[in-house]
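The values are calculated or read from the model by the stated rules, or taken from the named source; none is laboratory data. This is a predicted model, so every value here is computed, not measured. Using ideal geometry, Cβ is built from the backbone for each residue, glycine included, and neighbour counts are taken over all protein chains shown. Calculation scope for accessible area: heavy atoms of the full protein, side chains included, ligands and nucleic acids excluded. Shrake-Rupley method; radii C 1.70, N 1.55, O 1.52, S 1.80 Å.
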Amino acid sequence: MKIPVAIAKGDGIGPEIMDATLFILNAAGAELELHEVEIGEKVYLRGIATGMDPKTWEVIRHTKAFLKAPITTPQGGGFKSLNVTVRTTLGLYANVRPCVSYFPFVDTKHPEMDVVIVRENEEDLYAGIEYRQSPNVCQSLKIISRQGSEKIVRYAFEYAKRHGRKKVTLFMKDNIMKFSDGLFHKVFDEIAKEYPDILNEHWIVDIGAAKLADTPEIFDVLVMPNLYGDILSDVAAQIAGSVGLAGSANIGDHGAMFEAIHGSAPRRAGQNVANPSGLLLGAVQMLVHLGQERVAERIHNGWLRTLEEGIHTYDIYKEGVSREKAGTKEFAKAVAANLGKGPEQLPPVTYKSFPHTPAPPLSEGPFEDRKLVGIDVFIYHKPPLTLFFSRISHIAIGPLHLKMVTNRGVRVWPEGQPETFCIEQWRCRFLGHDNVAVSQHDLIQILDAFDRVGIEVIKSENLYTFAGKPGF
Ligand code: NAD
């Protein structure tokens, strides 16, 4: 039974690496029924902001997986990231990026490296909720939810369990982002307890990233919020040998998308030089996902043998190690000729069936009494503070009164310092004594008071306590 799969050849080097990948899949006997869809630059330039024709959604929905070559996002504003749109619309919450070194056949400073980055794929700054709030100030919202964190952290531990991996490491920055990364960390600690046979540890992302770049062999499975995962999986793939070598799976409960981690490399397009390995390894992940593990093994092991034979595309070619600088097509032919053979020095790959099991019902989270206690009002006003302070300091509604004013998070009233550099966005916090409860109506009256004194409100944020603890 052939399994229906959507494919898109994308832009730049996309068509060449897709043709090479399909050539190998076909030669290996992959049981796939291909449905080609058009995405990317041409679609964007037809005026479709997502880079994807609405008809394409139907094809993707009715196939079991989507194998996607990289696309080019046109320059200029108004274009939405197609990758982010597909991942979030289809709920592809787990982005799995294995980064392995193939030393001594591919040059790397890290011969022992074998890490899998499991990146949260739907939240964080990638929610794309951004605003230009004033002529000189922009804002992007970082969203982290308990549900999103639970899904990805559990996926990372399940992945480790099923693939016989020993340790899951969390990267985050909850020393600074105490609520958002703090929640991710809390959920990690809770779920780690359910997997006593798997080691767990956590690193602040900055030193963690330094360790990953320096001694990647100390890591096994890594789990992290979206942005850190995006950046660090490129770093990991590059230090393992080349970004051109890494594949990427985007897994959800209702679909899956497989791709290379790199982009469309337009400078290399049309020259038959690009390395198809990233997309090919993405396709190998797809075959495992679709239950065609034996075909996945044939391809992966034939590909390893090709690397061992020194048949290398330009990006990994090295005098003294490589035997032949192969073009994209020639590399694909060499892999196809090696199907059925395995590597002689590198460890051969074996795949077990790894059908995706949907995320278990998500926890409701702890029940905590939630109380509305105040409001942060963000206003647009050119510095200095004194120009508008006299107009707002008197504002008081019910128990609410002005508690502090900050600029870029730094308190400038009361007890500000003259050295603090200020921009045109100010945050004015209104709270009652001892975080007493207030009503929505009180908050509306605070906003109304700003209107009455002629000060422009950019946005506001309600302040809550949870079981008596401030959530701000
Ligand atoms: P890129 O990853 O496309 O390429 C950067 C450089 O890496 C290339 O110039 C090339 O030297 C090398 N490289 C990448 N892939 C290679 C391969 N398979 N073989 C050999 N060398 C390879 O990054 P970029 O140049 O910053 O982005 C180009 C376009 O790709 C942009 O429009 C960007 O938006 C898009 N992009 C798309 C995806 C995707 O579709 N998944 C991901 C990232 C970037």
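Among the candidates GLY77, GLY51, GLY14, the residue that is at positive phi and assigned by TED's automatic domain parsing to the domain that holds VAL295 is uniquely GLY51. One residue stands out in the stretch 6-29 among those that are more than 16 Å from the ligand (Cβ to nearest atom) and crowded, with 23+ Cβ neighbours inside 10 Å: the one that is nearest to LEU82 (Cα to Cα), namely LEU25.
Just one of (1) in contact (Cβ under 8 Å) with a residue 40 or more places away in the chain; (2) within 23 Å of the chain's Cα centre (by Cα); (3) buried (at least 17 other Cβ atoms within 10 Å of the Cβ) fails for ARG61. It is (3).
Residues in the stretch 34-52 that are open to solvent by 80 Å² or more (accessible area, probe 1.4 Å) and away from the ligand (no atom under 16 Å from the Cβ): LEU34, GLU36, ARG46. For the stretch 181-202, the criterion of being touching a helix residue (DSSP H, G or I) at 6+ places or on another chain (Cβ under 8 Å), open to solvent by 50 Å² or more (accessible area, probe 1.4 Å) and of a type in the set (A, V, I, L, M) is met by no residue. Pairs linking a residue in the stretch 310-329 that is in contact (Cβ under 8 Å) with a residue 12 or more places away in the chain and part of a loop (DSSP other than H, G, I, E, B) to a residue that is more than 14 Å from the ligand (Cβ to nearest atom) and β-branched (Val, Ile, Thr), with Cβ atoms under 9 Å and 6 or more positions apart or on different chains, are GLY310/VAL321; SER322/ILE311; ARG323/ILE311; ALA326/THR306; ALA326/ILE311. Is there a residue in the stretch 435-442 that is touching a Ser or Thr at 6+ places or on another chain (Cβ under 6 Å), touching a residue at least 24 places away in the same chain (Cβ under 8 Å) and surrounded by 14 or more Cβ atoms within 10 Å (Cβ to Cβ)? The answer is yes; a qualifying residue exists.
Within the set HIS163, HIS254, the sole residue that is closer than 20 Å to ALA359 by Cα, assigned by TED's automatic domain parsing to the domain that holds THR72, open to solvent by 10 Å² or more (accessible area, probe 1.4 Å) and touching a residue at least 40 places away in the same chain (Cβ under 8 Å) turns out to be HIS254.
Across the stretch 232-244, not a single residue is classified as in contact with a Lys or Arg (Cβ under 6 Å, 6 or more places away or on another chain) and open to solvent by 40 Å² or more (accessible area, probe 1.4 Å). For the stretch 210-251, what are the residues that are touching a residue at least 24 places away in the same chain (Cβ under 8 Å) and of a type in the set (D, E, K, R)? Residues satisfying the conditions are GLU217, ASP220, ASP230, ASP234. For the stretch 235-242, indicate whether the set of residues that are at pLDDT 95 or above and either more than 16 Å from the ligand (Cβ to nearest atom) or outside any helix (DSSP H, G or I) (or both) is non-empty. Looking through the stretch 235-242, none of the residues is at pLDDT 95 or above and either more than 16 Å from the ligand (Cβ to nearest atom) or outside any helix (DSSP H, G or I) (or both).
Test ARG427 against the criterion of being crowded, with 16+ Cβ neighbours inside 10 Å and among the basic types (Lys, Arg), and give yes or no. Yes. The one condition from (1) outside the structural domain of ASN435 (by TED's automatic domain parsing); (2) in contact (Cβ under 8 Å) with a residue 60 or more places away in the chain; (3) farther than 30 Å from GLU112 by Cα that LYS352 does not meet is (3). Selection of the stretch 265-309 for residues being within 22 Å of the chain's Cα centre (by Cα), within 10 Å of the ligand (Cβ to nearest atom) and open to solvent by 10 Å² or more (accessible area, probe 1.4 Å) yields only ALA265. For the stretch 378-403, filtering for residues that are in a helix (DSSP H, G or I) and surrounded by fewer than 17 Cβ atoms within 10 Å (Cβ to Cβ) leaves 5.
Scan the stretch 334-357 and give yes if some residue there is more than 30 Å from GLN445 (Cα to Cα), under 32 Å from the mean Cα position of the chain (by Cα) and within 16 Å of the ligand (Cβ to nearest atom), otherwise no. The answer is yes; a qualifying residue exists. Can you say whether GLY340 is at positive phi and open to solvent by 20 Å² or more (accessible area, probe 1.4 Å), as far as the supplied structure shows? The answer is yes for GLY340. With respect to the stated conditions, THR63 fails to be in a loop (DSSP other than H, G, I, E, B), within 13 Å of the ligand (Cβ to nearest atom), touching a Pro at 6+ places or on another chain (Cβ under 8 Å) and of a type outside the set (D, E, K, R). Do you know which residues across the stretch 289-321 are among the small types (Gly, Ala, Ser), modelled with pLDDT under 95 and over 25 Å from ALA65 (Cα atoms)? Within the stretch 289-321, GLY320 is the sole residue that qualifies.
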